[in-house]
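Nothing in this text is a laboratory measurement; each read-out follows from the coordinates by a stated rule. As the structure is a prediction and not an experimental result, all values here were calculated from the model. Counting neighbours? That spans all protein chains shown, and the Cβs are built from the backbone with ideal geometry, glycine included.
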Amino acid sequence: MMISPVVLLANPTDEHDTHQEDAHHEEVAVEESEDGGIKKEIKEYIAHHLMDSYDFGLYSYTNEDSTKTYVGFPLPVILIDGGLKVFSSSKFHHGEAVAEVGGSYYKLDHGKIYKTDAAGTITYDEHHHATNEMPLDFSITKNVVFILLVFLIMFFMFRGMAKSYAKGNALPKGIGRFLEPIILYIRNDIAIPNIGKKKYKKYMSYLLTVFFFVWIINLFGLTPLGVNVTNNIAVTFSLAILTYLITTFTANKDYWKHIFWMPGVPVPMKIVLAPIELLGTFIKPFSLMIRLYANITAGHVVLMSIIGMIFIFANWLGGSLSFLLAFVLGILELLVAALQAYIFTMLSALYFGMAVEEHHHDEEH
Amino acid sequence: MEKLIGEFSFGLFFWQLFLFVGLILLLRKFAWKPILKAVEERESSIEDALEAAEAAKRQMAELKSNNEDLMNKARDERDAMLKEAREMKDKIVAEAKTTASAQAEKIIAEARESIQHEKMAAITELKNQVAVLSIEIAEKILKEELSSADKQKTLIDNVVKEINLN
């Protein structure tokens, strides 16, 4: 019993193993005791939660006759596959049906859309990866919906805040009273110390936006809506690549000089250092991407596993202890949500600072 | 790593990048710039106000010290005036005293002199009177003495005697 969360943690997102009904079902069934079913269900739930989805599912349950009922609403699927194809994700019937759009057939498999034949056959290679062709997918998925939601929330919130300044004598009103200290903190304690008083201004828009975006979207991840945006590598990648691009395109001569021809060291060292430094410029934003992704994913997996333990224990002692633990962890995750936003912003500012730093070679080297 | 790449969804990446860059640009125009500008303006106005207050304080202190100087000067002047007045009074009194005493002395001296004069006049008068009286007495005595020949003779003898002695 007590080992179960560890098992869950050890292999949290490995949906290929858990979902692979036909190939793995027998092995899993052998290992399972009478409560193995619920463990498997929790595992699937967590794996499912960590993935993006094409419909906005609030919850689902299994009926008496073992059919599943999904509560939620479908979202638009946008594919580019020989022309633009837009249709409702309800056509997939949660992966159970083949969607036929304009003479092409598409099927959902492990949360991804594959092009199939009319029967919906999906072929797998030896690693259980589907080998079917994947159409270019610009669907408005659940995550995109929440990105859009945060977009709107942030736009109207900060627009309103900016307007409230215009009215009064430059005093914050309403939500501005709460937000202004945070904005000032980002300016005074993140941007100015890292970038410098002369050049911080042009980075403020990015730093403020990224901080509030990551924070708010992390907070949404903690609501019971079951959304989880920042644990998608695509999302953290797009944030990190912006930091990389801004760093690269605003960097001054000194920055490049320190990468390709490090001053103050012997020539052989310069040659050795150049590739290392160049690699470093990629590793920095890469670490940003992985850090945010891994922290949020880990937080969600642990939290959901502990919530899942309530169902595994299914007694009042274990259940209430798990609940208490989940509660404490939930509070911790609230902190992590803000902390990761802070770290992302802080490190971005640090990298920008490196890119625009003016070196005084006589003193420093 | 392979799993991460497998999880990577280009659609989500596209939407995130598109919406996020859009959000940055929109917020920069409609929120961050006005907010930061308002905050900066407020900060600079607070700074100015503080500086002005400091300046006012300094001015006030200056004014205060000026006032004090003025007061001190006035007080000194008053003291000086009082002192002068006192000196003047003392001087006047002293002068008056000396004048009065000189006058008194003069009067006394004059009085003494006139007394002396009167005295001298009186003495002279007395002397004259005494002389007249003496002459009258002597006349009467001589008339009496020389009334007989004997008496005249004794007198002559006495005078001769006296002359011889000399």
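Some notes on this structure:
- Just one of (1) among the hydrophobic types (A, V, I, L, M, F, W, C); (2) touching a residue at least 12 places away in the same chain (Cβ under 8 Å); (3) in contact with a helix residue (DSSP H, G or I) (Cβ under 9 Å, 6 or more places away or on another chain) fails for A:V145. It is (3).
- Within the stretch A:110-127, not a single residue is touching a residue at least 40 places away in the same chain (Cβ under 8 Å), of a type in the set (A, V, I, L, M) and in contact with a Ser or Thr (Cβ under 6 Å, 6 or more places away or on another chain).
- Residue list for the stretch A:246-272, filter: in a helix (DSSP H, G or I) and more than 15 Å from A:M354 (Cβ to Cβ): A:V267, A:P268, A:M269, A:K270, A:I271, A:V272
Residues checked against (1) surrounded by fewer than 10 Cβ atoms within 10 Å (Cβ to Cβ); (2) under 60 Å from the mean Cα position of the chain (by Cα):
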residue: B:E95; (1), (2): no, yes
residue: B:E105; (1), (2): no, yes
residue: B:L126; (1), (2): no, no
residue: B:L142; (1), (2): no, no
residue: B:E145; (1), (2): no, no
residue: B:V160; (1), (2): no, no
residue: B:I163; (1), (2): yes, no
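- There is at least one residue in the stretch A:182-205 that is closer than 20 Å to B:F18 by Cβ, surrounded by 15 or more Cβ atoms within 10 Å (Cβ to Cβ) and either within 10 Å of chain B (Cβ to nearest Cβ) or not β-branched (V, I, T) (or both).
- Among the residues of the stretch B:1-31, those that are small (G, A, S) and either within 30 Å of A:L184 (Cα to Cα) or more than 7 Å from chain A (Cβ to nearest Cβ) (or both) comprise B:G6, B:G22, B:A31.
- Among (1) out of contact with any Asp or Glu (no Cβ under 8 Å at 6 or more places or on another chain); (2) away from chain B (no Cβ under 14 Å), the one test that A:H49 misses: (2)
- Residue that is nearest to A:L239 (Cα to Cα), among those in the stretch A:283-341 that are in contact (Cβ under 8 Å) with a residue 60 or more places away in the chain and among the β-branched types (V, I, T): A:I296
- You will find that of A:V77, A:V86, the residue that is under 11 Å from A:V101 (Cβ atoms), surrounded by 11 or more Cβ atoms within 10 Å (Cβ to Cβ) and in contact (Cβ under 8 Å) with a residue 40 or more places away in the chain is A:V77 and no other.
- With respect to the stated conditions, B:K89 is exposed (fewer than 14 other Cβ atoms within 10 Å of the Cβ) and either at the interface with another protein chain (Cβ under 9 Å from one of its Cβ atoms) or of a type outside the set (S, T, N, Q) (or both).
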